[in-house]
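Report on one structure; see the data block that follows.
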Amino acid sequence: MGRIAQFLDRWHQRRADERWARVADAAPGLESFELRALRAEARGMRRRLDRVLQAADTRLALPALGGGLPQMPLGTDWSWRPEGWRGALPDSGAVAAGQRTAIGENLALYHDCPLGEVVMRQVRNGDESDRAPFGLAIDVFGFKGSFLSLALNLPDDAVAGLRSRHLVRAELVIDSDRPVRAFARLNIKHGPNLSQPVSNLPVEGRVKVAEFDLAYADINDKRIERAWLDLILNDVSMARIHIRDVVLSRRPRAEL
């Protein structure tokens, strides 16, 4: 970028800053129709700013913890750490009072407890063994529901080229203040049908691995539309659960 372009860029930025400072001072006395227009404009700007902040936090947060992905199995053709574990989310926490509570674009918590005493929040990890720079903490107080699950939508590139000859792997690092039974369910929508292979997660140990062999999932390779992973937690009353890392990958099964 040349000096003239840099000068013009700084000038436009300064003018924009001055304008929004004036708008902030005048906002309490504006008419409602003016406020609606300004609110829409400000929200559009905030979405773009949040994207910049998230990208910066992802690159700059705790390099020692946010290194690369763990070693993938031989033949892996796709791997992914979701955004909630890579970088800071614009909305870092919520009280899960309703049946569905979203945190980020692709992550939501579901439960049927009428008490609404479930809190989830993004946290900074603090140890190299946590692997990812960020984690997700779920605090459950009184719980009288029948289920609690965390749903994670897989990106489009996870579905592109996905076939029944693939093995899908989910590797998680989970801490809890007491043993919690959990299992992972992979949901694959193909045409009007939904296949849902399930894998139990071990109770012992922090690192928990679930693998799904799609040869047994009875899916139509030509009609796969979307996929998501459910982490279903049982017996969670009065529990604190930290999901320190989540990494998903896939690899083709060895031909026999």
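Of all residues in the stretch 234-256, those satisfying the criterion of being among the aliphatic types (A, V, I, L, M) and surrounded by fewer than 22 Cβ atoms within 10 Å (Cβ to Cβ) are MET238, ALA239, VAL247, ALA254, LEU256. Mind checking whether some residue in the stretch 115-131 is in contact with a strand residue (DSSP E or B) (Cβ under 6 Å, 6 or more places away or on another chain) and small (Gly, Ala, Ser)? No: the stretch 115-131 contains no residue that is in contact with a strand residue (DSSP E or B) (Cβ under 6 Å, 6 or more places away or on another chain) and small (Gly, Ala, Ser). State the number of residues belonging to the stretch 111-138 that are buried (at least 17 other Cβ atoms within 10 Å of the Cβ), over 16 Å from ASN234 (Cβ atoms), of a type in the set (A, V, I, L, M, F, W, C) and under 15 Å from the mean Cα position of the chain (by Cα). Total meeting the criteria: 4. A residue that is assigned by TED's automatic domain parsing to the domain that holds GLY84, within 24 Å of VAL118 (Cα to Cα) and out of contact with any helix residue (DSSP H, G or I) (no Cβ under 6 Å at 6 or more places or on another chain) occurs somewhere in the stretch 208-224. Scanning the stretch 148-180 for residues that are within 17 Å of ASN106 (Cα to Cα) and among the polar types (S, T, N, Q) yields SER149, ASN153. Taking strands (runs of 3 or more DSSP E) as the structural unit, no element lying wholly within the stretch 139-210 holds at least 3 residues that are surrounded by fewer than 16 Cβ atoms within 10 Å (Cβ to Cβ). Output the residue which, of all residues in the stretch 154-181 that are more than 14 Å from GLU211 (Cα to Cα) and of a type in the set (A, V, I, L, M), is modelled with the lowest pLDDT. Looking at the filtered set, the residue picked out is VAL180.
The values are calculated or read from the model by the stated rules, or taken from the named source; none is laboratory data. Since this is a predicted model, take the numbers as computed values, not measurements. Glycine gets a Cβ as well: all are built from the backbone with ideal geometry, and neighbour counts include every protein chain shown.
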